[in-house]
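Before any comments, here is the structure.
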Amino acid sequence: MSSDPKPSFRFLVFLLLLSVQPLIFCLSTDAPPPPTVCIVGSGIGGSSVAHFLRHYFRPTPSHPNPPNINIFERRSVVGGRMATVSIGGETFEAGASILHPKNYHALNYSKLLGLKVKPPPASEDDDSMSLGFWDGKKFVFKSLEVDSKIPWVQKIVSYFNSFQLFFRYRFSLLKMSSFVESTVDSFLKYYESPERRPVFETVDEMLKWAGLYDLTTRTLQDELVQVKISPLMIDELITVITRINYGQSVSISGLAGAVSLAGSGGGLWALEGGNYQMAAGLIKSSNVSLHLNEEIESISYLGEYYELNSTNGNSYSCDVTVVATPLDEVNIQFTPSVSIPARKLQHTHATFVRGILNPAYFGLRTVSEIPELVGTLEDPDIPFSSISVLKQHDENDVTYKVFSREPMTDALLDGIFSARLETVRINWGAYPHYKAPEVFAPIILDGQHLYYVNAFENAASTMETSAVAAENVARLILSRFFSEAHLHTSNLKSKSPDSATLHTDL
């Protein structure tokens, strides 16, 4: 007589142990702690690195958790060279002030953060501004201005001024437009999908891939002569633009010059309340630990991590470190030392004046004869690069912005202005002093995980170029530190500078 087999008690215990063993293993095995990325600088570069690290991060077996991100800012506010100034109870852009209609990162930021885009002020609107080119003694060109709000009258005046410019510079205007459009089209390659776009380890690779490298090897003047733009237009209109946008002459490198010219076209925009809100919003949305009033004075690589020390006496351990501020005028000590090309910054002195200009200074009889935007030709005796109207409060009360290469003394301002109710001065280490051929700092400063966003600035310096450089750095970090294997997606070779004397050890 047969009976159903009964499993023994020992066999049941054995099966139970087998079933719970994976659970016991999981409970006893801790996931690796998330790595820490430290970013020095809270401007558009640093905030964009944080944003793109969050945007592109994908878990891997060795890094299942997103990184902790610390941002260190030596000042009490974020934004870097994006800042505002208050004068007469009103707020104006003091630093980076305009954006191009094809600055797609900035446009996406404004949409993501719900920021309000505003049109440019009248002094930056091609259709309504009055414009004059001052040679130190007289206006060599001055557009027509008619005090009328009637739309058809304004349209006729606009057509007349366009005809004036065409009559003066002829087809060189079209050649300049073609030169700028070609450069912008090449720059648009940086917005292609990440699947089609390499991750770049050097600025040289980045520029060559987009077809922009050659522009950094020659001056803007050389490029303009090659496309047969007239000497008169180079000496006047184009010089005025480069002096306003970069505080430099047409001897700047070609790519920076082309970017400067692109910033003089139509469709320019800014953010209501200040462009610095992009940086502030990206930092907030990226779940960052923000350390204000924390100036980093040393960065040391200790084998497996970086130690950052601040002037406050604090020390921070970081798996990855990103420098997102120009190293030219900050005193950060690196151990071991790092080498970057010797470079000086071009300082722009922005002087904001609420008052009224002195027409006699310009050889005119009335204030109404002075153009809303006064640009200047290249002459060392001219004490300012430009004077522009920010807002006209009434007939004898106007807020102006003056750009100059040197500080504007009270005695000088008293000659240019009939009256000054309020004056605010800001000294910006605004952008590199461009000189062709450009030599670029390494993006990876030490061959490990120390990165330099501002290496790209020697190509061109704008809010958008900083965002483009930051996006590449974020992808580079993810490919080199967080991926199972490094991504060598660019097979372009970069040229190293021949002379070691061009480099500075920090």
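Could you tell me whether the stretch 140-280 comes out rounded, prolate or oblate from its Cα gyration tensor? Rule is a ≥ b ≥ c as square roots of the eigenvalues, rounded for a/c under 1.5, then prolate if a/b exceeds b/c, otherwise oblate.
Working: a/c = 2.25, a/b = 1.45, b/c = 1.55.
In terms of gyration-tensor shape, oblate.
Across the accessible surface of the chain, with the other protein chains kept in place and a 1.4 Å probe, carbon and sulfur atoms take up 55 percent.
Loop-located trypsin sites (Lys or Arg not before Pro) in the stretch 322-384 (DSSP state not H, G, I, E or B) with no more than 11 neighbouring Cβ atoms inside 10 Å: 344, 365. For the stretch 97-221, the square roots of the Cα gyration tensor eigenvalues, ordered a ≥ b ≥ c, give a/c of at least 1.5 with a/b no greater than b/c, which places it in the oblate category.
Close amide-amide hydrogen proximity is noted between residue 334 and 299, each under 5 Å apart and 5 or more residues distant or on a separate chain (H modeled in the peptide plane; Pro and chain starts excluded).
For the stretch 384-494, a Kirkwood hydrodynamic radius built from all Cα pairs, placed in the Stokes-Einstein relation at 37 °C and 0.692 mPa s, yields a translational diffusion coefficient of 180 µm²/s. Volume per residue for the stretch 274-424 equals 172 cubic angstrom (convex hull of Cα atoms). Adding -39500 (n - 2.57) for every DSSP H run of four residues or longer, then dividing by how many residues the chain holds, sets the calculated 222 nm ellipticity at -8500 deg cm²/dmol. Derived from the Cα gyration tensor, the three semi-axes of the equivalent ellipsoid of the stretch 59-105 are 35, 18, 7 Å, largest first.
Rolling a 1.4 angstrom probe over the protein heavy atoms with all chains in place gives the chain an accessible area of 48 Å² per residue. If you model the stretch 367-443 as an ellipsoid using its alpha carbon gyration tensor, with each semi-axis the square root of five times an eigenvalue, the axes come out at 30, 14, 13 Å, biggest first. Potential lengthening of the chain between residue 159 and residue 307 amounts to 47.2 nm, from the contour at 0.36 nm per residue minus the alpha-carbon distance. Each of 107, 237, 207 has its accessible area taken with a 1.4 Å probe; listed largest first, they run 107, 237, 207. Taking 0.36 nm per residue of separation and subtracting the Cα-Cα distance, full extension of the segment from residue 56 to residue 424 would add 128.3 nm. All C-alpha to C-alpha distances of the chain, sorted into 10 Å bins beginning at zero, yield P(r) values of 4, 17, 26, 23, 14, 7, 3, 2, 2, 1, 1, 0, 0 percent in whole numbers. When the C-alpha to C-alpha distance is required to be over 18 Å, the pairs from 102/189; 111/401; 175/228; 118/391; 155/175 that qualify are 111/401; 155/175.
For the stretch 375-392, the residues whose backbone nitrogen is under 17 Å from a point 7 Å from the Cα of residue 411, taken along Cα to Cβ, are 381-384.
Note that the stretch 316-327 has calculated 3J(HN,Hα) couplings of 10, 9, 9, 6, 10, 10, 10, 9, 10, 8, x, 7 Hz, one per residue in order, obtained from phi through the Karplus relation 6.51 cos²θ - 1.76 cosθ + 1.60 (θ = phi - 60°); glycine and proline are x.
Extension gain for the segment residue 77 to residue 146, taken as residue separation times 0.36 nm less the Cα-Cα distance, is 20.6 nm to one decimal. Dipole of the stretch 230-344 computed with +1 at Lys/Arg Cβ and -1 at Asp/Glu Cβ about the Cα centre; of 298, 279, 332, farthest Cα towards the positive end is 279.
Order of 329-340, 467-478, 400-411 by packing, highest average Cβ count within 10 Å first?
467-478, 400-411, 329-340
Against the main long axis of the alpha-carbon atoms of the chain, helix 151-169 sits at an angle near 90°. Kirkwood's formula applied to the C-alpha pairs of the stretch 171-233 gives a hydrodynamic radius of 13.2 angstrom.
The values are calculated or read from the model by the stated rules, or taken from the named source; none is laboratory data. The model shown is predicted, which means the values in this text are computed figures rather than measured ones. Counting neighbours? That spans all protein chains shown, and the Cβs are built from the backbone with ideal geometry, glycine included. Side chains are part of the model used for accessible areas, which takes the heavy atoms of the whole protein and leaves out ligands, DNA and RNA. Shrake-Rupley method; radii C 1.70, N 1.55, O 1.52, S 1.80 Å.
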